[in-house]
Amino acid sequence: MIVVFLSPPGGGKGTQAPRLARQIGAEHLSTGVIFRSMYEANDPLGIKAHDEYWGKGQLCPDGITIPLVEKKLAELEGAVLDGFPRNIAQAEALDRMVKVDAVVSLSITEQTALERLGYRAECKACNITYGLANKPLNKGECNSCHGQLNMRNDDADAAIIRQRFEQYETKTKLLLEYYRKNGNLHEIDGNQDPERVYVDILRALRLDA
Ligand code: AP5
Ligand code: MG
């Protein structure tokens, strides 16, 4: 099964997509995570993607992003895609690679994105995301592995968060119409409590029985 998650920054892709992936026995595939890992590993392409694109709140070029996803997807049976596609060219490329079974769109306002991302902290070892709605038991420490929690550098500046939101509004939002026409778009209110959002996702995908 191939499920796509679309949302503005802070919409809840990284909170909901791994949970759904576990439930349906698919891999969670996040292009944002891939780019950050490449950067942290000092990969030259990862450094270029950070310095010229994602570190400034801009989308990375399709010529870099599409082949990365194609390579990963070729190794997988099923996937929950978090943050890919983000524009029409990527959606068309994905359609050439696999059959997309369902698309989940989580909507939030720019104000909510700014509030949430100002508090987000991540554990790199466990890939768990903390925030206002799920604070760590001890500040700065992962509940699961007790590792140090980190803030993403594209969250550290409100101007970059606004830039990411603008990229969503002008490029990614066009995909709502693209998938609506295909008849597999499920639009969920991402402003709700995370548990409520997950229940709505399961119901939309008819996995709640
Ligand atoms: P990416 O890592 O995907 O970042 P993003 O799209 O900006 O989304 P975020 O990860 O910020 O938010 P999220 O929706 O995952 O929210 P989360 O669940 O963490 O991409 C980063 C960059 O890489 C892009 O800007 C781009 O440059 C590049 N890139 C990636 N993919 C690309 C592509 N396909 N093409 C080109 N470039 C690409 O939640 C956020 C916070 O809110 C957390 O603290 C969480 O705990 C909290 N929270 C979540 N849900 C709720 C809720 N319901 N109520 C209250 N709090 C909540
Ligand atoms: Mg994310």
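The values are calculated or read from the model by the stated rules, or taken from the named source; none is laboratory data. Predicted, not measured: the structure shown is a model, and the values here were computed from it. Positions of Cβ are backbone-derived with ideal geometry, glycine not excepted, and every protein chain shown enters the neighbour counts. Calculation scope for accessible area: heavy atoms of the full protein, side chains included, ligands and nucleic acids excluded. Shrake-Rupley method; radii C 1.70, N 1.55, O 1.52, S 1.80 Å.
A few notes on this one:
- Intensity falloff of the stretch 72-125 expressed as log10 I(q)/I(0), Debye formula with alpha-carbon point scatterers, at q = 0.22, 0.26, 0.29, 0.31 Å⁻¹: -0.97, -1.07, -1.20, -1.29
- With a Cα cut-off of under 23 Å and a minimum spacing of 8 residues unless on different chains, the lysine pairs in the chain number 28.
- Rounded to the nearest 20, the Cβ-based charge dipole of the chain about its Cα centre (Lys and Arg +1, Asp and Glu -1) stands at 140 debye.
- The accessible area of I128, taken with all protein chains in place and a 1.4 Å probe, comes to roughly 60 Å².
- Averaging Cα coordinates gives a centre for the stretch 149-181 and one for the stretch 78-105; these two points are 16 Å apart.
- Low-density loop cleavage sites - trypsin sites (Lys or Arg not before Pro) in the stretch 65-135, where at most 11 other Cβ are within 10 Å (DSSP): K99
- A P(r) calculated from all alpha carbon pairs of the chain, with 5 Å bins opening at zero, reads 1, 7, 15, 20, 22, 19, 11, 4, 1, 0 percent.
- Modelled FRET efficiency - R0 22 Å, N150 with A204, Cβ distances, 0.05 increments: 0.10
- Here the mean projected area of the convex hull built on the C-alpha positions of the stretch 130-209 is 7.7 nm².
- Within the chain, the longest run free of GluC sites (Glu not before Pro) that sit in a DSSP loop with at most 12 other Cβ atoms within 10 Å is 78-209.
- Value of Rg/Rh across the stretch 1-82 [Cα atoms, Kirkwood radius]: 0.98
- Candidates L29, L117, L149: whichever shows maximal mean-square fluctuation once the chain is modelled as a Gaussian network with Cα springs under 10 Å: L149
- Selection of chymotrypsin sites (Phe, Trp or Tyr not before Pro), the stretch 54-140, meeting DSSP coil and at most 14 other Cβ within 10 Å: Y119
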